[in-house]
1. Could you tell me whether residue 209 is more than 15 Å from residue 150 (Cα to Cα) and touching a Lys or Arg at 6+ places or on another chain (Cβ under 9 Å)?
2. Given the residues 229, 235, which is the only one that is over 23 Å from residue 39 (Cβ atoms), small (Gly, Ala, Ser), modelled with pLDDT of 90 or more and in a loop (DSSP other than H, G, I, E, B)?
3. Which of the residues that make up region 179-193 are surrounded by fewer than 17 Cβ atoms within 10 Å (Cβ to Cβ) and touching an Asp or Glu at 6+ places or on another chain (Cβ under 8 Å)?
4. Report, by residue number, each residue of region 263-297 that is under 22 Å from residue 3 (Cβ atoms) and without any contact (Cβ under 8 Å) to a residue 12 or more places away in the chain.
5. Can you pull out the residues in region 290-317 that are farther than 15 Å from residue 137 by Cα and either at pLDDT 95 or above or assigned to a helix (DSSP H, G or I) (or both)?
6. Please tell me if residue 8 is modelled with pLDDT under 95, farther than 22 Å from residue 136 by Cβ and within 17 Å of the chain's Cα centre (by Cα).
7. Would a scan of region 180-194 turn up a residue that is in a helix (DSSP H, G or I), out of contact with any Phe, Trp or Tyr (no Cβ under 8 Å at 6 or more places or on another chain) and within 29 Å of residue 70 (Cβ to Cβ)?
8. Under 8 Å by Cβ, and 6 or more places apart or on different chains, what pairs join a residue from region 236-248 that is within 9 Å of residue 197 (Cα to Cα) with one that is in a loop (DSSP other than H, G, I, E, B) and among the charged types (D, E, K, R)?
Amino acid sequence: MKCIDLFSGCGGLSLGFANAGIDIVAAIDNWDKVVEVYNKNFSHTCYSHDLTDEEGALNIINRYKPDMIAGGPPCQDFSSAGKRDETLGRADLTYHFANIVCSYKPKWFVMENVERIKKSHILKDVISQYEKNGYGLTAVILSAEYCNVPQARKRFFLIGGLGEKNNILKPILEKNLNKTPMTIRDYLGNSLSLDYYYRHPRNYSRRGIFSIDEPSPTVRGVNRPLPPGYKKHSGDPANIKLSDIRPLTTTERSYLQTFPKTFIFEGSKTNLEQMIGNAVPVNLAEFVANGILEYCKNGELNDAKQQSLFSTIEEFVMPNRMLQRTI
C-alpha cells in the first residue's frame, strides 16, 4: 500500500507507517525546518508546500498515485495547550485536508489530531463530507501508553475506507491494545541514568517531577529547566533531592516520542523541541497502521464482528470508552 503524508512534520507518522510495512512515497509540509529534518531521514521527498493550495497539493499527489493519504492537520486551535480559537485559521486546515482527500479519493485516509477536536463543529462538518464521498469511518481516541509508547498522550484518529462500513477497525484496535501502560523504564530501561526528572507544568497547581516508572506526561513543544526556588507539589515524589532533578534533554524527549536513536535531528533547540512535541509518536502511528493492514488481510472476518457496533455519526464520533483505558 502506497501512502502520502500531509502535514508530515519531521516524520513520526511516516516512520511508524513505514515500520508497519506501508510504502511512504512522499510527504508535504509547509515549515521549512521540519522539511529539512524530514529529508535527512527518508529516501523519498518531503515537499515544502502550503496545503491551503489544494490544487498544487493534488498535482503532487497525482504524480505518486497513492492508495492512502495520511496526516495530522495542525491542532493548536483545538488543543488544551493552545488558545482554542478556531477563528485563527489553523483549524481550517482540517477542511483543506478533507477537500484534498475527497478530491483524490484514495482507498484509505488517516487523520490524526488532539482529543478535543471531537468537541468541534469542524469534525462534524468533515465527517459529513467524508460520508457523502463514500467513506466508512472509524473514529477513536487512543491512549499512547497502551500502544507501545511510554507516554500518556491521548490522540484522536479518524480513519476512512472507501466503500467500507463504519467502525470496522474498532474491534482490531481494541484487541491490539496492551493490557498495561508502558512506562519509560519499560521502554528505555536504565539508559537515561536517572529515576526522576522535571517536566515543566502548565501551572504550579500541577506537579512537575515524574518517575521513569510511569508513562511520561504528554511531550509538548516546551521544555524548561527546574526553576530556582521550585517548591515541591503534593503530587511530587516525597524522598527526592531537587538538586538531583533535571529536565529531559531534547534528544531524550524524542525517545519518548519513540523516534529511534538513529533519527537525525538538526536545528535550533527551540525548533527541535517544537517539532518533536508536535510529532505523532512513531509507535502510535505503527499501531494504527498495523490495524488497517490487519483489516485488509482479514476483512471478511472483521466485517462480521462490526455488525453489533454503533454505526451512526452521532454515536461513533464519541470516544469509545474501551479505547481510553486509564491508569
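1. Details: more than 15 Å from residue 150 (Cα to Cα): yes; touching a Lys or Arg at 6+ places or on another chain (Cβ under 9 Å): yes.
Yes; evaluated as a whole, the condition is true for this residue.
2. Values: 229 fails: modelled with pLDDT of 90 or more.
Sole residue among the options that is over 23 Å from residue 39 (Cβ atoms), small (Gly, Ala, Ser), modelled with pLDDT of 90 or more and in a loop (DSSP other than H, G, I, E, B): 235.
3. Answer for region 179-193, where residues must be surrounded by fewer than 17 Cβ atoms within 10 Å (Cβ to Cβ) and touching an Asp or Glu at 6+ places or on another chain (Cβ under 8 Å): 185, 192.
4. 297
5. Residues of region 290-317 farther than 15 Å from residue 137 by Cα: 290, 293-294, 297-298, 300-301, 304-305, 308.
Across region 290-317, the qualifying residues are 290, 293, 294, 297, 300, 301, 304, 305, 308.
6. Working: modelled with pLDDT under 95: no; farther than 22 Å from residue 136 by Cβ: yes; within 17 Å of the chain's Cα centre (by Cα): yes.
For residue 8, the condition - modelled with pLDDT under 95, farther than 22 Å from residue 136 by Cβ and within 17 Å of the chain's Cα centre (by Cα) - is not met.
7. Initially, region 180-194 is screened for residues in a helix (DSSP H, G or I), giving 184-188.
Filter once more, so that each one left must be out of contact with any Phe, Trp or Tyr (no Cβ under 8 Å at 6 or more places or on another chain): 184-186.
After this cut, where a residue has to be within 29 Å of residue 70 (Cβ to Cβ) as well, the list is 184, 186.
Taking every residue of region 180-194 in turn, at least one turns out to be in a helix (DSSP H, G or I), out of contact with any Phe, Trp or Tyr (no Cβ under 8 Å at 6 or more places or on another chain) and within 29 Å of residue 70 (Cβ to Cβ).
8. That search, which allows pairs on different chains as well, returns 247/199; 247/224; 248/199.
The values are calculated or read from the model by the stated rules, or taken from the named source; none is laboratory data. Values in this document were obtained by computation on a predicted structure and should not be read as measured data. Virtual Cβ from ideal backbone geometry, glycine too; neighbours counted across all protein chains shown.
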